[in-house]
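Chemist: Pasting in a structure now, in structure tokens, and then I'll have a few things to ask.
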Amino acid sequence: MAWKRKVTGGVVALIGYMLSPLSWWNDLFVNVPLALAFAWVVSLFYKGIFAPAMVLGYWLTNLLGFILLHKGAQHMVSSKPPGYSRRELYRDVGISLLYTLLIVALIKFGVLKPIQSYFPGK
């Protein structure tokens, strides 16, 4: 049953890679739309919180990507999955924070905005 473990770990690692900032080329097609959808939903309930929700959503997708990538790769190569250390978590959080700065800049320059702003009302 080693092949099932390797396939499962490979799928988890692939999903993690797609969500992580390591796949910067697909960020606009995966992470940003997920974060934008998250921000839209949050801003429907809490007006004026679009930018923080966008940043939080983007940050969470990146962090989840790192964790899934790490865990999937470990699951593929080891017979029993090892733990996830604090140091690894801190590294993943630090890299995610750097990419967060990019999202903040996109919001500040008006490239990304609440969905209501794309449809002018009466």
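The values are calculated or read from the model by the stated rules, or taken from the named source; none is laboratory data. What you see is a predicted model; the values in this text were computed from it and never measured. All Cβ positions, glycine included, derive from the backbone under ideal geometry; neighbour counts span all protein chains shown. Accessible surface is based on the protein model in full, side chains and every heavy atom, while ligands, DNA and RNA are left aside. Shrake-Rupley method; radii C 1.70, N 1.55, O 1.52, S 1.80 Å.
Chemist: Pairs of Cα atoms under 8 Å, at least six residues apart: use those to get the relative contact order of the chain, whole percent.
Modeler: For the chain, the relative contact order is 33 percent.
Chemist: With a 1.4 Å probe and every protein chain left in place, work out the accessible area per residue of the chain in Å², rounded to a whole number. Please list the in-between numbers first.
Modeler: Details: 7950 Å² over 122 residues.
For the chain, the solvent-accessible area averages 65 Å² per residue.
Chemist: Right, here's the next one. Given Cα positions, please report Rg to Rh for segment 48-92, the hydrodynamic radius being the Kirkwood one. Walk me through the numbers before you get to the answer.
Modeler: Values: Rg = 13.9 Å, Rh = 12.0 Å.
In segment 48-92, Rg relative to Rh is 1.16.
Chemist: To the nearest 10 square angstrom, how much accessible area does ILE49 have with a 1.4 angstrom probe?
Modeler: Rounded to the nearest 10, the figure is 60 Å².
Chemist: Report the per residue volume, in Å³, of the convex hull enclosing the C-alpha atoms of segment 1-103.
Modeler: Here the figure is 107 Å³ per residue.
Chemist: Round to the nearest 10 and report in Å² the accessible area of VAL32, as given by a 1.4 Å probe over the protein chains' heavy atoms.
Modeler: Rounded to the nearest 10, that gives 10 Å².
Chemist: While we're on this one: Using a 1.4 angstrom probe on the protein heavy atoms only, could you order ARG5, ARG86 from most to least accessible area?
Modeler: Working: ARG5 55, ARG86 175 Å².
Listed by decreasing accessible area, they come as ARG86, ARG5.
Chemist: Give, as a single signed number, the net charge of other residues whose beta carbon lies under 11 Å from the beta carbon of ALA13, with Lys and Arg counted +1 and Asp and Glu -1.
Modeler: Residues near ALA13 contribute +2 overall.
Chemist: Kindly sort LEU34, LEU68 by accessible area of their heavy atoms, largest first, with the probe set to 1.4 Å.
Modeler: LEU34, LEU68
Chemist: Quick check of the Kirkwood formula: for segment 2-42, what is the inverse mean of 1/r over all pairs of different Cα atoms, in Å? List each step's numbers first, then the result.
Modeler: Numbers: mean 1/r = 0.0873 Å⁻¹.
One over the average 1/r among Cα pairs gives 11.5 Å for segment 2-42.
Chemist: I've got another one for you. So how do TYR90, TYR17 rank on accessible area, 1.4 Å probe, biggest first, that is with the largest at the start?
Modeler: TYR90, TYR17
Chemist: GNM, the chain, Cα, under 10 Å: largest mean-square fluctuation among ALA105, ALA37, ALA13?
Modeler: Sorting by GNM fluctuation, first place goes to ALA105.
Chemist: Can you give the accessible area of PHE119 in Å² (nearest 10), computed on protein heavy atoms with a 1.4 Å probe?
Modeler: Answer for PHE119: close to 140 Å² accessible.
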